[in-house]
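Contents: one structure, followed by commentary.
The values are calculated or read from the model by the stated rules, or taken from the named source; none is laboratory data. Every value quoted in this text rests on a predicted model; they were computed, and no experiment measured them. Cβ coordinates were reconstructed from backbone atoms using ideal geometry, including for glycine residues, and neighbour counts include every protein chain displayed.
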Amino acid sequence: NTLDVLGIEYREDLSMMEALSKASERLHWQSQGLLSDSLSMENGVILDRCVRFPLIIDPSGHAIDFIMNKYKDQKIQKTSFLDKAFMKTLAGAVRFGTTLLIENVEAIDPVLNPILNREIQRTGGRSLVRIGTEDVDFSPKFNVILTTKNPAAKLTPDLCSRVTLVNFTVTPASLQSQSMRIILKSEKPELEKQRADLLKLQGEQNVKLRELEEQMLREISAVEGSILDDDRVVEGMERLMTEGAQVEEQIAKSADVMKDVQLAIGKFEPLAVICRKLFILLAAMREINFLYEFSASTFMRVLEKVLEQTSKGESDESGRMGLIKKALYHEVAARIGRGLASEDKMVFALLLARVSKDDDTIGASSPEMTLDNIVSTIDEIFGADFPWQGRGLNHLKEVLENEVGALHPLMLCSAPGHDVSGRVEAIARDNRKELASVAMGSAEGFSIAEKLLSSASKRGTWVMLKNCHLCTDWLEETLVKRLHSLGAGTHRDFRIIVTTEISPKLPTALLQMSDTVVAEAPTGVKASMSRFFSSITSSRFQDTVRNRLYLVLAWVHSVIQERLRYVPIGWSQKYEFMESDATHALDVIDALVQEAAGGKSIADPDKLPWDAMRATLCKSIFGGRITKPIDQEVLDKLVNSIFVPECFNINFKLVDDEGAPCLPDGSSKEECFTWIESLPSSTPPTWIGLDGSAEDERAKLIAESVTSKVDQVFSSENDE
C-alpha cells in the first residue's frame, strides 16, 4: 500500500459515504423507502449533494417511490412530457417553488433547456426564466427531478453535461443483497425483521453517540478560561461521558446480537451467491445475440415465484435450501430457455451446469465433445426432466395466464414468414378471453394501438400488436413509455402480446421489459412446403397446370431453405434466401404462363415456357442472391432436374434416391395439401442432394459452435 510505504496514517474503514453524509441522514432515507444496499446509499448521497438537477435511471421504480416520500412535504408533483397539462404544471412549480418529478425522460423537451442551463434573467428585482413563449417568475426553492425506467436510454453528451446522472440499475453485488432480503422475507420473516430492527437500532445508537460527541465539543469550545474552573462544564461533560458509555455499551450488546443473527442468516448466503452468479450469467448472454436482454427485475420475479411455489414442508434447513436451488435452476432454465435459439439453449444449459457444479471445465471445447455428449452432460447433471429447451410455444396458455404479468409484455419473436399469432388467437378463443389485434406499421395502426392499450389496461382484456418489426421507432418512443407509465391501477388480467420478426432494431428497453419467446420455424422440407403453400391465396388455385407448377416451385424453395441448415456443405455460405423469393416466383410463373397461352389455358405441358422459367429462377430470383459459382451449379442442377415437362407424369420422382417421394397423380389444391402432409417430418440429406454423412457433419459443426459460445460467454462473465 502506497500510504504505508510513505508512512502516512489512515483509517481502514474510511468511506466516501461516511464522509459526505451523516448516519442520521442515511437512517432517515431508509425510513423514506431507500434500499439499504451500498449502491442505493451512495446514490442517496449524490441526490442530497448534487448541484445540477438530477436525472435518475431507475429500472425497478424504488428510487421514484423514495423521491416521492422524501419531498412529499414540499408538495411534489409527478408529470411527464406526454401529459397535456405539462406546460401549466411546469410553470406553476417554477413560480411557487415546488418540486417537480418528470417521468420517462429519454430525451429532453427543449422547453426545459433554459431551466437546466439556469438562464435566469433579473429585471427590476424579479428573477425570470423563459418557459415556451412566456417569462415566468423563478423561485429559488424550485427543484426538478428527471427520471427514466429505461436502463438502455441513449442519453446525449449534451444532456449529460447539464444534469447529474444517478444510476439505480442493479449491480451483481446489490442484486445479491436484494436476493438475500427476499429469501429471508420468505423463509425466515421473523429473522429478517429482527435483522432490520437491529440495523435500525444500531443506526440510532451511532447517531446518538455522534450527537453526544458534538455536544461535548460545543461545550468545550464555548468555555472561556480554564475548563476545570467551570463547574457547570465539568458536570456537563461527566454527564455526557456517562451517557456515552451507556450508548457504547448498548452498541456492543447490539453487535453481539447481530453476530448471532448473521450466523443464522449465513445459512442462506450460498443461495444469494448463486443468485448473483445467475444474474451475471444472464447479463453475459447478450454477448452471443442482441435478443438476449434479461433485466434484474426479470430474475427477481423468477426468484419470488420459486420461493412461493417451493413446498415448505421440509423441516431441515439444508434440505430446504437444496430444494430451492434445484427449483431455481429448473425455473431459470424454463423461462430463459424459451427466449433462446435452439443452439443457444444448449449453451445456456451448459453454463448453468458450470454454476451448479462450480466446475468451469463443463462444456469446454474438445474434439470429444459431440452433440450427443452435450445433451447427455445436461441430462446427467440436471436429470432427464430438466426443461433446458424452455417452456415456450407448447405451453403458451400457462405462460400467458401464470407467468406474464399485466405490466410485462409477452414478445413472440419469429423467423421471417413464420407467424405464431394464430396460437394466441386460439388460446383466447378457447379460454373466452377478449383479444383485440392490430397490424402495426402505419399511422392508423399506431393510433388504434394506443386506444386499445388505454382501454384494455383498465378492463383487463388482451391486446396483440402484430408485425412490430415494421415500427421499431414507435416501439421505442411510444410503447416503452406507455408500459413504464402503467402502475398499480392496471387491471391484473390485462395482457399485451407483441409479435415481431427477429430484428436488431428492436428496442433494448422493450426486450428487457418483456418475457420473450423465440419461435423458430420447424425445419424440414415438409414444414417449409406447408408454410409456403398455406401462404398462397385460394384465388390462385384455379388451374391444375399452374397448381402443379406451384407444387414443384414449393419443392425447389424448400430444398434451397433446407440446404441452409448444412452450411458450408449445403451452400458455401449462409445466403439470405427468403419466402418472399418464392412468392415473387409465383408471380413470374403466372406472367410467363399467361404470356405463352395468349389468354387461353394450356393443357399440354410441353407448350409451357420451361426455358424462361428455369432461366428466371436460376439467374434472377434465387440465383440473384448467390455469389459463388459452385453454389450456382448446385442451384442450376436442382431447378433443371425438376422444372421439366416430365414433372406432369405419374410417379415423377423428385430425387434420384431410393425412397424419395413422387409427385401426386392429381394437382387440385386438396390433393397438393394431402401430398405435402404425407411427407415425413424429418428430411434425409440425400433428398436435398447431399451425402448421407451430412447430418453427422452438421452435428459436429453445431457442437463446435456451442462449445465456442460457452467459452465466449464464460470469458464475458469473468470480465464482469
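Structural remarks
- Matching residues, region 677-720, being within 27 Å of Q632 (Cα to Cα), surrounded by 19 or more Cβ atoms within 10 Å (Cβ to Cβ) and in contact with an Asp or Glu (Cβ under 7 Å, 6 or more places away or on another chain): T683, P685, W687, I688
- Among (1) surrounded by fewer than 17 Cβ atoms within 10 Å (Cβ to Cβ); (2) at pLDDT below 90; (3) small (G, A, S), the one test that A406 misses: (2)
- Matching entry among A364, A334, A349, A341 (being out of contact with any helix residue (DSSP H, G or I) (no Cβ under 7 Å at 6 or more places or on another chain) and either closer than 18 Å to N289 by Cα or at pLDDT below 90 (or both)): A341
- For E658, the conditions (1) in contact (Cβ under 8 Å) with a residue 24 or more places away in the chain; (2) over 16 Å from Y550 (Cα atoms) all hold with the exception of (1).
- Test: residue in region 275-296 that is loosely packed, with under 15 Cβ neighbours inside 10 Å and basic (K, R): no
- In region 657-675, the qualifying residues are those that are under 13 Å from W555 (Cα atoms) and in contact with a Lys or Arg (Cβ under 6 Å, 6 or more places away or on another chain), and the one that is modelled with the highest pLDDT is C662.
- From T169, T156, residue being surrounded by fewer than 16 Cβ atoms within 10 Å (Cβ to Cβ), free of Cβ contacts under 8 Å to residues at least 60 places away in the same chain and either in the same structural domain as T98 (by TED's automatic domain parsing) or more than 21 Å from L90 (Cβ to Cβ) (or both): T156
- Test: residue in region 7-20 that is of a type in the set (S, T, Y) and at pLDDT below 85: yes
- Unmet criterion (only one of (1) within 35 Å of the chain's Cα centre (by Cα); (2) closer than 21 Å to G666 by Cα; (3) modelled with pLDDT under 85) for F533: (3)
- Within region 25-51, residues that are assigned by TED's automatic domain parsing to the domain that holds K200 reach no partner that is hydroxyl-bearing (S, T, Y) and at pLDDT 90 or above with beta carbons closer than 6 Å at six or more positions or on different chains.
- Scanning region 118-128 turns up no residue that is within 23 Å of D48 (Cα to Cα) and either crowded, with 19+ Cβ neighbours inside 10 Å or touching an Asp or Glu at 6+ places or on another chain (Cβ under 9 Å) (or both).
- C662, sole failed condition from (1) closer than 22 Å to S572 by Cα; (2) surrounded by fewer than 17 Cβ atoms within 10 Å (Cβ to Cβ): (1)
- Residue in region 460-472 that is more than 22 Å from the chain's Cα centre (by Cα), under 21 Å from L396 (Cβ atoms) and assigned by TED's automatic domain parsing to the domain that holds S414 present: yes
- Criterion applied to S21, S40 was being surrounded by 17 or more Cβ atoms within 10 Å (Cβ to Cβ), under 21 Å from E204 (Cα atoms), in contact with an Asp or Glu (Cβ under 9 Å, 6 or more places away or on another chain) and among the polar types (S, T, N, Q), and the one residue passing it is S21.
- Evaluated against (1) more than 33 Å from the chain's Cα centre (by Cα); (2) within 25 Å of E18 (Cα to Cα); (3) not in a helix (DSSP H, G or I), V207 falls short on exactly one condition, (3).
- Only one of the listed residues (T370, T310) is closer than 21 Å to M180 by Cβ and either at pLDDT below 90 or within 23 Å of the chain's Cα centre (by Cα) (or both). That residue is T310.
- Test for L263: is it exposed (fewer than 13 other Cβ atoms within 10 Å of the Cβ) and either among the small types (G, A, S) or over 29 Å from the mean Cα position of the chain (by Cα) (or both): yes
- Take the conditions (1) free of Cβ contacts under 8 Å to residues at least 12 places away in the same chain; (2) of a type outside the set (D, E, K, R); (3) surrounded by fewer than 16 Cβ atoms within 10 Å (Cβ to Cβ); Q74 misses just one of them, which is (1).
- Taken over region 354-377, the criterion of being free of Cβ contacts under 8 Å to residues at least 60 places away in the same chain and small (G, A, S) is satisfied by S356, S376.
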